[in-house]
Amino acid sequence: MGMSVGAGGPAGTRVNSEINTTPLVDVMLVLLIIFLITIPVAVTSIKVNLPKQSNQPRTSKPENIVVSVNRDGDIFWNDLQLANAEALFQRLKTESVKVPQPELHVRGDGGGRYESVGRVVFAAQRAGIAKVAFVTEPPARN
């Protein structure tokens, strides 16, 4: 008398189609424990009055250098028109040795060529001016 239990075929060749959830449960329990430990640390903190930020336009100091470039590419030192970029370089060279070194504020015409402003920046770089700022118009408030 023979008896057959299970599917036909040799023992151990049957495919197990069930998902083993034990490793998943283990990982979830570990994550739950980690979250339970770290949440109280993140929630409790020291009360601190943080500084408020404000956007105020910078004022030009008298020792700062203001160089303007108009639409035609003419270079102005404050209100005095310079002959060319070489004259600007000579003036910047004398200003670069001052301690503290003044900042260079470049005001370029929006309709002018980038090349004209590039000459001013290049002259400042050659003269050794460390701080160069570009002056722009703030956007209109609504």
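The values are calculated or read from the model by the stated rules, or taken from the named source; none is laboratory data. As the structure is a prediction and not an experimental result, all values here were calculated from the model. Don't worry about glycine lacking a Cβ; one is built from the backbone with ideal geometry, like all the others, and counts go over all protein chains shown.
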- Item | In region 122-139, the residues that are assigned to a loop (DSSP other than H, G, I, E, B), surrounded by 13 or more Cβ atoms within 10 Å (Cβ to Cβ) and over 20 Å from the mean Cα position of the chain (by Cα) | I129
- The correct count of residues that are outside any helix (DSSP H, G or I) and either in contact (Cβ under 8 Å) with a residue 40 or more places away in the chain or surrounded by 12 or more Cβ atoms within 10 Å (Cβ to Cβ) (or both) in region 85-99 is 1
- Message: What's the number of the only condition in (1) exposed (fewer than 15 other Cβ atoms within 10 Å of the Cβ); (2) closer than 16 Å to V132 by Cα; (3) touching a residue at least 24 places away in the same chain (Cβ under 8 Å) that G111 fails to meet?
- Response: (2)
- How many residues, within region 108-142, are at pLDDT below 90 and among the basic types (K, R)? 2
- Query: Which residues, taken from region 87-118, are among the hydroxyl-bearing types (S, T, Y) and closer than 26 Å to R71 by Cβ?
  - Reply: Y114, S116
- Message: Based on this model, can you work out whether G118 counts as exposed (fewer than 10 other Cβ atoms within 10 Å of the Cβ), under 23 Å from D72 (Cβ atoms) and not aliphatic (A, V, I, L, M)?
- Response: no
